[in-house]
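Nothing in this text is a laboratory measurement; each read-out follows from the coordinates by a stated rule. Remember, predicted model here, so these are calculated numbers, not experimental data. Note that we place each Cβ from the backbone using ideal geometry, even for glycine, and neighbour counts take in every protein chain shown.
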Amino acid sequence: MFDVGFDEILLIMVVALLVYGPDKLPDLARALGRGYAEFRRAMNELKETFDQDDTVRGIRQEFRKAQNEVLYGSRLTEPTPITPVTPPPTETNTATAEPAEPAQSESGAEEKHAGSPPAEGAGVSQDPKQS
């Protein structure tokens, strides 16, 4: 992890012996050992917590899947193919590259403007009695 070899560990022990002395060195080693053990214990608890979270997340996903199957049937579990919607081809006049005019029937003028609002007075019979 830190690339500490035997030489480096020996040097650290010699410096610790010189700084703390032979009387306090065993207490220092004991304290370091306890600190390391506590650190490992905390890391293991954290790892278990993450494992439990993953387990709970998996159980929750399975529950939601089963709930959807019960409520909506199996239609949600099977992937639905999505097909792109393309507009129908329009007829074009090849000579002018303009859209072709629709064929007119007997009431061609009325059909031509069926989607637009009527013009003033259009479609309203003017009865001389009403004026």
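List of remarks:
- Charges were assigned to the Cβ only: +1 to each Lys and Arg, -1 to each Asp and Glu. The resulting dipole of segment 6-75 about its Cα centre is roughly 400 debye.
- Computed over neighbours whose Cβ is under 15 Å from that of Q52, the net charge equals -2, Lys and Arg +1, Asp and Glu -1.
- In segment 6-75, the inverse of the mean reciprocal separation of distinct Cα atoms equals 16.7 Å; this is its Kirkwood hydrodynamic radius.
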